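Asker: First the structure, which I've put down as structure tokens, then a few questions once you've had a look.
The values are calculated or read from the model by the stated rules, or taken from the named source; none is laboratory data. Because the structure is a prediction, the values reported are computed rather than measured. All Cβ positions, glycine included, derive from the backbone under ideal geometry; neighbour counts span all protein chains shown.
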Amino acid sequence: MLAVYDKTIIRGGRVVDPASGIDAVCDLLIENGRIAAIGENLPCEEANVIDAAGKVVAPGFIDMHCHLRDPGQEYKEDLVSGTKSAARGGFTGVCCMPNTRPVNDNASVTRYIIEKAQLRGSGVHVYPVGAISKGLEGTEMAEIGRMKQAGIIAISDDGKPVKNSNLLRLAMQYADYFGVFIMSHSEDKNLVGDGVMNEGYMSTKLGLPGITRAAEEVMIARDILVAEAEGKRIHLCHVSTRGGVQLVREAKKRGVRVTAETAPHYIGATDEWVAGYDSNCRVNPPLREEEDRLACIAGLCDGTLDAIATDHAPHHQDEKRVEFHIAASGISGFETAFCVSYTELVKKGYMSLSQLIEKMSAAPAKLLGVEGGSLAVGSAADVVVLDPERELTVDAEAFASKGHNTPFHGKTYSGAVCMTMVGGRVIYEEA
Amino acid sequence: MNLKRKDLLGLDGVSREEITGILDTAMMMRQVVRSNNKKTAHLQGKSIVTLFYENSTRTRMSFELASKYMSAAAANISASASSVAKGETLIDTGVTLDQMGTDVIIIRHPMSGAPALLAKHVRSSIINAGDGMNEHPTQALLDMMTMREHLGSLDGIKVAICGDVMHSRVARSNIYGLTTMGAKVVLCAPPTLIPVHIEKLGCTVAPTIEDACEGADVVMGLRIQRERQQKGLFPSVAEYCDNWEITPERVALAKKHALVMHPGPMNRGVEIASSAADGPQSVITQQVESGVAVRMALLYMLTRKEGQF
């Protein structure tokens, strides 16, 4: 049990805060849950001292896209295990998608999520995403205004793309009135057909039905064009293809109000991993090819892709220990997000540590309009302490998440999360 | 010779020596099939189970007869494809069979990779009798046995495969096996039934069926299921036949001694005309006989331990 002081000092770490342009070895003083000072040799009387020498101190990560499965599928994950897992991954805020049971398409479900997260969660801020349509059915709009009042951060029919373009257009107009934006799962289900992996050489070789990249790109193009015509904002979830990145890049150039994310598995794995039919590689959108992986990295580097979001999608092992075709889609992603991203992006020289931290904290905070993502004096003390150069071997069995479904199990990466703090309170500390 | 592997999940990665060994053993086994006393002791004391999640006549029957001709204890389980999603899991079924002392589990399953999943969790040897669109190795082996007998060698021969390549596990296994043995494989199908980058598996795609048949040593048909037309992969059977049906006229473009083959069951008048299927160059019925021999060889070679006879 840590002693309770209202003063904490994180001593001697390399403070990397892209939002305020700081990258220096110094101390971080936290008072009453906020950053009180940054500087060298800050006085530490009556303060709880956290030694961060040799470590990196950064704003806590913010995940724009995850599935906490609560209410309704608590056997996969719940708000307790999910927020614990997020804290272990260095996240201080997460946006949970509405495909719960019941669907988060009304204010009472929204309130349930927020209250349970506050009462029983690890301390990570939980920002629920409401449904665009009632029951995610793509026909009638959900009560966006009431959900906003209850605390939703955005709307999405994640997992079930809005097929009806006019509904998308109307929801964009209507949601904008309440200051809510759409996070789109862009996928044409007709083009997906019965596909279970990326269409390419690997799907042909494995005899698994493929999903053409066009399934994603057609809907990205549609979403962009509708947003452009309306002059409204749209955020594209989990972009995974080279063509998708290019569509976003061109739209941004034209001034469309489009933002986009990709996930660690699209920059850290390809469809070659499916060889052997490992159902932990089943995810939607599917793992793509090397050229797509490189395009997602390039998109992150040139700003086309604004943020890295996990699409944390925990499943019970029973749903994965089956034939690839009937295995549930998704990867438990909180606890590998940093090490995979750090290894693939920073260690391999594509971007600086500061840029990566920006993609995982400042950028999503800004897109969501939430506190966090900054260590500037006065900001909430949502902080993560990292040991980027420490090697670790992913052990899915040791996850705090109930979902042990990850293609990264047994692989070695660089980048440990040592401590996570929300509002000045340590919510995760490495054993 | 025996196989230095626990399972036969496909012909991808199976060496020329292994294939030759299986085909040579199968030639000996065929003597048993043709004899008056179809009983040997090769599998005495062994337990063989066929676990089929899809319908099958010839594959299942030939495995069962192969087991019985060689004195194995043979049993079979049928599971309807609809029970796959809601019933006992494949792994649980496999482990259960394992506990009953099975030596070999022969599995057919509508989903690619199911035999690989099973193999990871059981002690028994697994033989893939067809999984989804992936592989059907024993079919390709019996095809190669039939070809080799008629043509002398597989080296340098041209095999035209026409029909639903996309959904065909027979096509994939034949591509792997035949190219390993030095044959040239040419595919032909409507563009909607050719999977992407199939040529990277070592075959070529012919622009027309005439090109495919030209100078071929073997013209092989693949079943066209009616559902493919309903799913919009081609507009009508009539138009399919105009462009891709194996007919005597098209077979005439092949070499004089060319063989007409089909894994069965045939859709006469769709992928193959009866006049071609029943013509003098057809070896379709002989393929069935080769099937029993190949499966006997394989069961024997997989269950035999080093140094045993």
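Asker: Taking B:Lys231 and the conditions (1) surrounded by 13 or more Cβ atoms within 10 Å (Cβ to Cβ); (2) of a type in the set (Lys, Arg); (3) within 21 Å of B:Arg169 (Cβ to Cβ), which numbered condition does it fall short on, given that it satisfies the others?
Answerer: (1)
Asker: For residues in the range A:186-210 being of a type in the set (Asp, Glu) and within 20 Å of A:Asp311 (Cα to Cα), which is farthest from the other protein chains (Cβ to nearest Cβ)?
Answerer: The residue in question is A:Glu187.
Asker: Looking only at strands (runs of 3 or more DSSP E) that lie completely in the range A:329-431, which have at least 3 residues being buried (at least 24 other Cβ atoms within 10 Å of the Cβ) and not acidic (Asp, Glu)?
Answerer: In the range A:329-431, A:383-393, A:412-422 are the strands (runs of 3 or more DSSP E) which contain 3 or more residues that are buried (at least 24 other Cβ atoms within 10 Å of the Cβ) and not acidic (Asp, Glu).
Asker: Does B:Tyr240 satisfy the condition of being part of a helix (DSSP H, G or I) and under 30 Å from B:Ser62 (Cα atoms)?
Answerer: When the stated conditions are applied, B:Tyr240 does not pass them.
Asker: Name the one entry in A:Leu392, A:Leu375, A:Leu345 that is of a type in the set (A, V, I, L, M) and either within 23 Å of A:Gly82 (Cβ to Cβ) or in the same structural domain as A:Asn405 (by TED's automatic domain parsing) (or both).
Answerer: After applying the criteria, what remains is A:Leu392.
Asker: Here's another thing I want to ask about it. Applying the selection to the range A:255-278, what residues are within 14 Å of chain B (Cβ to nearest Cβ) and surrounded by fewer than 24 Cβ atoms within 10 Å (Cβ to Cβ)?
Answerer: Passing the criteria: A:Glu272, A:Trp273, A:Ala275, A:Gly276, A:Asp278.
Asker: Got at least one residue in the range A:166-177 being buried (at least 19 other Cβ atoms within 10 Å of the Cβ) and either part of a loop (DSSP other than H, G, I, E, B) or within 14 Å of another protein chain (Cβ to nearest Cβ) (or both)?
Answerer: No.
Asker: Related question: Pairs only if they're at least six apart or on different chains, beta carbon under 7 angstrom, first in the range A:18-35 and at positive phi, second assigned to a strand (DSSP E or B); list them, first residue then second.
Answerer: From the range A:18-35, the pairs are A:Gly33/A:Ala380.
Asker: For the range A:104-147, give me each residue that is of a type outside the set (Gly, Ala, Ser), assigned to a loop (DSSP other than H, G, I, E, B) and out of contact with any strand residue (DSSP E or B) (no Cβ under 9 Å at 6 or more places or on another chain).
Answerer: A:Glu137
Asker: Still on this structure, I have one more. Which residues, counting only those in the range A:380-389, are more than 18 Å from A:Ser85 (Cβ to Cβ) and touching a Cys at 6+ places or on another chain (Cβ under 8 Å)?
Answerer: Result: A:Asp387, single match.
Asker: Identify, please: which residue in the range B:164-218 is free of Cβ contacts under 8 Å to residues at least 60 places away in the same chain, within 19 Å of B:Arg148 (Cβ to Cβ) and among the β-branched types (Val, Ile, Thr) and is, among those, nearest to the other protein chains (Cβ to nearest Cβ)?
Answerer: Checked the range B:164-218; the qualifying residue nearest to the other protein chains (Cβ to nearest Cβ) is B:Ile175.
Asker: Name every residue in the range A:272-296 that is in contact with a strand residue (DSSP E or B) (Cβ under 9 Å, 6 or more places away or on another chain), outside any loop (DSSP other than H, G, I, E, B) and farther than 15 Å from A:Gly207 by Cβ, in order of residue number.
Answerer: A:Asn280, A:Cys281, A:Asp292, A:Cys296
Asker: Please find, among A:Asn99, A:Asn106, A:Asn41, the residue that is within 16 Å of the chain's Cα centre (by Cα) and surrounded by fewer than 24 Cβ atoms within 10 Å (Cβ to Cβ).
Answerer: Just one listed residue meets the conditions, A:Asn99.
Asker: Moving to a separate point now. Yes or no: the range B:205-220 includes at least one residue that is closer than 13 Å to B:Glu271 by Cα and out of contact with any Gly (no Cβ under 9 Å at 6 or more places or on another chain).
Answerer: Yes: one or more hits.
Asker: Checking B:Gly152 against (1) in contact (Cβ under 8 Å) with a residue 60 or more places away in the chain; (2) over 27 Å from A:Gly200 (Cβ atoms), only one condition comes out false. Which one?
Answerer: (1)
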